[in-house]
């Protein structure tokens, strides 16, 4: 079952907040609506948005995947959500500042992009494996699952700045743990482009950084598969999401079709 309108929730100041509810799993069940929300930075939320999260969704957990600097500049509205537990779990701190993976220096790559000597997409193709496999990323995504599992009632929400890369991969990992087929996981990942009205294949060269591209997702997943054999093995061995954790997630967040 495809999500109606990509699961988009009509908030005033949060353009890419989406409900995973309605996604169908391989065994024919569906994700419960109103429980699993992916989003961009919450500092843009209006008072009406915050009231909706607080009162209609009963938001109990907010996972912030942004850097320390991003959080300092635009902190989440903690005071407006007194019943919500906040977890700051940075996936990285400065992804373009001397970070290397393999033979690619991302700072040098950024310089080449700014000089027009490299495709901007190369930056994200390099960044996604870094997000998923470097120590900070593994710790963040493992703690993300732990926090979700420790929140048995109400809705949980996770976000980065635009709700597309760090948040996109958290969503993909959770959907995979719930048993959502890869095609649907990819469709949910790519829905950010429709929400933002971005077409990286036909827009300006730098538009690729304003949306998402399946090349980025694939680079991250293939790096994980090279290291662990499969996403399932990565979930269990790196993130601690074993069969018992999956069973708990599925019992809580899935319903019969």
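Below, the figures for the structure above:
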item: Residue in region 223-246 that is buried (at least 19 other Cβ atoms within 10 Å of the Cβ) and more than 21 Å from residue 179 (Cβ to Cβ) present; result: yes
item: Members of region 169-197 found to be touching a helix residue (DSSP H, G or I) at 6+ places or on another chain (Cβ under 8 Å) and within 21 Å of residue 49 (Cβ to Cβ), listed by number; result: 170, 171, 191, 192, 194, 195
item: Residues (more than 16 Å from residue 162 (Cα to Cα) and part of a loop (DSSP other than H, G, I, E, B)) located in region 26-52; result: 26, 27, 28, 29, 32, 33, 34, 35, 46
item: Subset of region 53-81 that is over 18 Å from residue 163 (Cα atoms) and touching a helix residue (DSSP H, G or I) at 6+ places or on another chain (Cβ under 8 Å) - its residue that is surrounded by the most Cβ atoms within 10 Å (Cβ to Cβ); result: 81
item: Selection count where residues are over 23 Å from residue 76 (Cβ atoms) and touching a residue at least 40 places away in the same chain (Cβ under 8 Å), scope region 156-187; result: 9
item: Given (1) out of contact with any strand residue (DSSP E or B) (no Cβ under 9 Å at 6 or more places or on another chain); (2) modelled with pLDDT of 95 or more; (3) surrounded by 18 or more Cβ atoms within 10 Å (Cβ to Cβ), index of the condition residue 92 fails; result: (2)
item: Breaking point among (1) within 25 Å of residue 70 (Cβ to Cβ); (2) assigned to a loop (DSSP other than H, G, I, E, B); (3) within 17 Å of the chain's Cα centre (by Cα), for residue 200; result: (3)
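The values are calculated or read from the model by the stated rules, or taken from the named source; none is laboratory data. What you see is a predicted model, and the numbers here were worked out from it, not measured in a lab. Glycine also receives a Cβ, built like all others from the backbone with ideal geometry; neighbour counts cover every protein chain displayed.
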